Amino acid sequence: MCDHGQSKRGVFSAAVAVNEQICEDHFLLRLHICDPVRKFPPSSAGQFVQLRCKSADSREAGHLVEATATTPPQFSLDELTNHQPLLRRPLSLGGRREIDPGTTELEIIYRVVGTGTRWLAGLKSGAELSVLGPLGNAFAIRTDKPKAALIGGGVGIPPMLYAAETLSENNIEPIAFCGAQTSQLLPLTVDGAPDTGGAPSLCTREFTERGAKTVITTDDGSLGFRGFVTQAFQQWCDDSGVAAGQLVVYSCGPEVMMRIVGDICIDRGIECYLSLERHMGCGMGTCQSCVVKIRDNSEQGWSYKLCCSDGPAFPAELIVWE
Amino acid sequence: METTNKRQSGDIESIDLSVNIAGVELDNPLMTASGTCGYSDEYADFVDLGELGAFVTKSISVAPRSGNEYPRIVETRAGMMNAIGLANVGLDVFISEKLPKLQAMNLPVFVNIAGVTQADYIQVAEALEDIDIVRGVELNISCPNVKAGGIQFGVDPSAVEKITAAVKKVTRKNKLIVKLSPNVSDITATAQAAVNGGADALSLINTLTAMAIDIDTQRPILANKTGGLSGPAIRPVAVYMVHRVYTQVAKPAGIPIIGMGGIQYASDAIEFLLAGATGLALGTSLFVDPRCIVEIKNGIRKYLADRDKSSVQDIIGALQID
């Protein structure tokens with residue numbers, strides 16, 4: 001039974017267990033949360049956490065560090081020399097497991113794109129990190145559909161790993177379509193040569209472990225199918241003979257990619273959920289920054305929903321693209 | 001001789017943090033800054049908002065507002081700019097759906113009100129007179145992110161006095177707080193105008209109008225073009241303005257100040273108290289870690305204990321200037 005007192009979302013202190021570069025610009029981060037009082041609450045594929053990209057600070061525990069005319073300013077050298085952003089950074093969960101009683105491991109794959117992720121990339125094993133979460137809705141798992149296609153572009157691939165695991169556990173057969181600009185930017189371990197024609201195979205360790213075959217596409221043809229992941233998916237829809245009603249699509253990646261995924265699915269009558277990305281202030285549904293236009297019955301035909309708390313996953317047909 | 005002239009740690013809990021804002025008793029000076037706390041239930045999992053002294057709501061307008069286009073925020077060094085555009089559910093939904101949730105918190109509630117015309121402010125203020133849990137209204141005459149959304153009232157002293165007096169006529173039970181804009185050449189002039197119009201308390205500062213430019217596209221980053229700067233970056237400006245308004249307007253008039261602008265740590269909160277603030281509002285910090293409410297209270301208590309003070313009121317306006 002779920003103990004509500006212990007399963008509330010919250011701010012947790014995590015220790016870095018692994019933080020290693022897995023390909024150009026991409027890092028695998030494994031965090032261990034071992035809180036004697038509260039367990040990290042249950043989480044689901046599609047959810048995310050907000051990481052504080054800043055060194056632990058004793059002032060946050062109510063300690064007073066006062067500057068006087070004779071003592072230096074109250075900022076550490078680290079704070080003054082390494083830019084540490086104020087706001088947290090939202091990162092989707094690539095997986096989660098209980099590794100021993102009381103310790104939860106969160107897996108995150110991130111790409112270094114700015115100040116926050118650059119700071120994260122410098123973290124060593126054992127470093128402490130503040131984790132706020134789990135946040136957001138989860139991918140709706142449809143147990144009445146036997147197959148699922150997971151379409152990930154670049155750093156949108158990690159949440160597809162978590163989804164593959166959940167789908168397999170629910171006896172739904174997942175097939176992953178993973179696209180990158182070039183092989184060096186694919187955050188997966190390639191075990192065998194992927195099919196250049198876009199046929200699913202057991203070519204990546206991460207998806208194979210989670211019960212999914214993978215189709216790899218690269219824009220430059222350096223690995224797998226040459227072209228966009230959306231082309232490979234469309235071709236698979238034509239060739240595989242899977243009926244639209246038997247399939248659900250989950251996707252995360254660049255908005256241009258997801259928009260095409262959505263269009264393909266709407267055209268073919270396939271149920272489709274897209275995990276959107278927005279700049280977020282809080283991640284908790286408060287600051288109203290991460291708005292998405294979602295169709296409704298109002299006069300203007302849509303209203304703003306929040307990516308952080310109403311999403312990040314939305315049914316494709318409800319999204320009003322800008 | 002630490003043990004003889006410092007209180008025992010057991011005494012820290014007994015230190016009195018209570019303050020009085022224009023006749024409303026608060027358990028402690030901490031409040032939420034309007035717009036950074038939604039309608040209360042968003043943070044429920046992360047911190048016990050009962051730790052606050054009072055709750056200040058997001059701006060409420062007569063009709064619902066969907067707010068500005070995306071992007072609505074941009075992070076800066078040590079701060080953030082927002083242009084949410086007073087997105088809110090509107091007066092009727094606020095009363096029927098949101099107020100019951102606020103009721104459950106058992107805190108004094110101040111409702112921030114916004115409008116385009118004087119009649120708008122009056123209509124919202126009148127509707128809130130009949131609600132017990134609401135103890136005051138905070139006039140948002142200084143939101144920089146809405147065209148004709150209040151700023152024209154907030155920068156001209158005679159307009160500030162006029163609208164304050166007009167709303168004062170319909171606030172009988174509720175206290176009237178006027179939130180001042182820092183985007184003026186002399187904040188003591190608008191502060192004095194609010195006092196002349198009958199304000200029971202002043203809150204300051206609202207955000208500083210600011211702009212960020214995307215150097216690749218050579219266009220403003222925010223859809224609204226400009227936004228309001230908040231966070232630690234503005235704290236020294238806010239402390240200075242609180243100091244000026246306290247010494248030149250509020251103290252002579254016997255009116256309390258609710259100080260805000262980048263309060264992140266207990267030491268920041270203490271600066272505001274010393275400068276003359278009776279209440280302290282937290283905004284951007286809540287986005288980063290809602291638990292800062294508890295940490296700041298603990299830090300203020302330690303500061304007082306170390307100086308053998310029994311009440312937070314002993315340091316309000318205690319700034320020494322030779």
Query raised in the report: How many nm is it between the label spots at A:N171 and A:S222, if each spot is 7 Å from the Cα in line with the beta carbon?
Result: 4.3 nm
Report task. Starting from the Cα coordinates of chain A, work out the convex hull volume and express it per residue in Å³. Result -> 163 Å³
Query - Percentage relative contact order, chain A, counting C-alpha pairs under 8 Å, at least six apart - result: 16 percent
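For the pair A and B, how large is the buried accessible area, both sides, in square angstrom to the nearest 100, if the probe is 1.4 Å?
Details: alone 15420 and 14020 Å², together 25980 Å².
In total, this chain pair buries about 3500 Å².
Report the FRET efficiency, 1/(1 + (r/R0)^6), for A:T143 and B:D214, where r is their Cβ-Cβ distance and R0 is 41 Å, rounded to 0.05. Spell out each step's value before the answer.
Numbers: r = 44 Å, r/R0 = 1.08.
So, using R0 = 41 Å, E works out to roughly 0.40.
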Report summary line: Per residue of B:61-74, other chain Cβ atoms within 10 Å number on average 4
Query raised in the report: Considering every residue in A:10-19, what mean count of other chain Cβ atoms within 10 Å of its Cβ is obtained?
Result: 1
Report summary line: With +1 on the Cβ of every Lys and Arg and -1 on the Cβ of every Asp and Glu, the dipole magnitude of segment B:9-315 about its Cα centre, in debye rounded to the nearest 20, is 800 debye
**Report entry** Estimated inter-spin distance, A:I266 and A:N297, nm [label 7 Å along Cα→Cβ]
**Finding:** 2.1 nm
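Can you give the Kirkwood hydrodynamic radius of segment B:9-315 from its Cα pairs, in Å with one decimal?
19.2 Å
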Report task. Would you mind checking the tilt of helix A:229-240 against the longest principal axis of the Cα atoms of chain A, expressed as 0 to 90 degrees and rounded to 10? Result -> 40 degrees
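Relative contact order for segment B:1-117: what is it in percent, counting Cα pairs under 8 Å that are at least 6 residues apart?
On the way: 162 pairs, mean separation 30.7, N = 117.
It comes to 26 percent, rounded to a whole number.
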Query raised in the report: Roughly how tilted is helix B:187-197, in degrees to the nearest 10 and between 0 and 90, from the longest Cα axis of chain B?
Result: 80 degrees
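Any number yet on Rg/Rh for the protein assembly as shown, C-alpha, Kirkwood? Don't skip to the answer; put the middle values down first.
Numbers: Rg = 26.4 Å, Rh = 26.3 Å.
Using Cα coordinates only, the ratio equals 1.01.
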Requested in this report: State the Cα centre-to-centre distance between segment A:103-136 and segment B:97-142 in whole Å.
Outcome: 40 Å
Query raised in the report: Roughly how many Å² is the accessible area per residue of the protein assembly as shown, as a whole number, for a 1.4 Å probe?
Result: 40 Å²
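Report, to the nearest whole %, how much of the accessible area of the protein assembly as shown belongs to carbon and sulfur atoms, 1.4 Å probe, protein only. Kindly include the intermediate steps, with their values, before the conclusion.
On the way: 13050 of 25980 Å².
That fraction is 50 percent.
Evaluate the relative contact order of segment A:276-322 (contact order divided by residue number), counting alpha-carbon pairs under 8 angstrom at least 6 apart; express in whole percent. Intermediate results must be reported in sequence, preceding the final value.
Details: 67 pairs, mean separation 18.0, N = 47.
Once divided by the residue count of segment A:276-322, the mean separation gives 38 percent.
Please pull out the direction-averaged projected area of segment A:118-180, using the convex hull of its alpha-carbon atoms, in nm² to one decimal place.
6.1 nm²
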Requested in this report: For helix B:266-275, report the angle its Cα long axis makes with the longest principal axis of the Cα atoms of chain B; keep it between 0 and 90° and round to the nearest 10°.
Outcome: 80 degrees
Query raised in the report: Taking Cα centroids, how far is segment B:251-322 from segment B:21-91 in Å?
Result: 19 Å
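Of A:K54/A:K124; A:K293/B:K101; A:K147/A:K213; B:K98/B:K225; A:K305/B:K58; A:K305/B:K98, which ones are farther than 21 Å apart at the Cα?
On the way: A:K54/A:K124 13 Å; A:K293/B:K101 26 Å; A:K147/A:K213 12 Å; B:K98/B:K225 31 Å; A:K305/B:K58 17 Å; A:K305/B:K98 17 Å.
Exceeds cut-off: A:K293/B:K101; B:K98/B:K225.
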Report summary line: Within the under-12-Å Cβ sphere about A:G114, not counting A:G114, Lys/Arg +1 and Asp/Glu -1 give a net charge of +1
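The values are calculated or read from the model by the stated rules, or taken from the named source; none is laboratory data. Everything numeric here is computed off the predicted structure, so don't read it as measured data. We place every Cβ from the backbone using ideal geometry, glycine too, and count neighbours over all the protein chains shown. Protein only, heavy atoms only, side chains kept; ligands, DNA and RNA dropped before computing areas. Shrake-Rupley method; radii C 1.70, N 1.55, O 1.52, S 1.80 Å.
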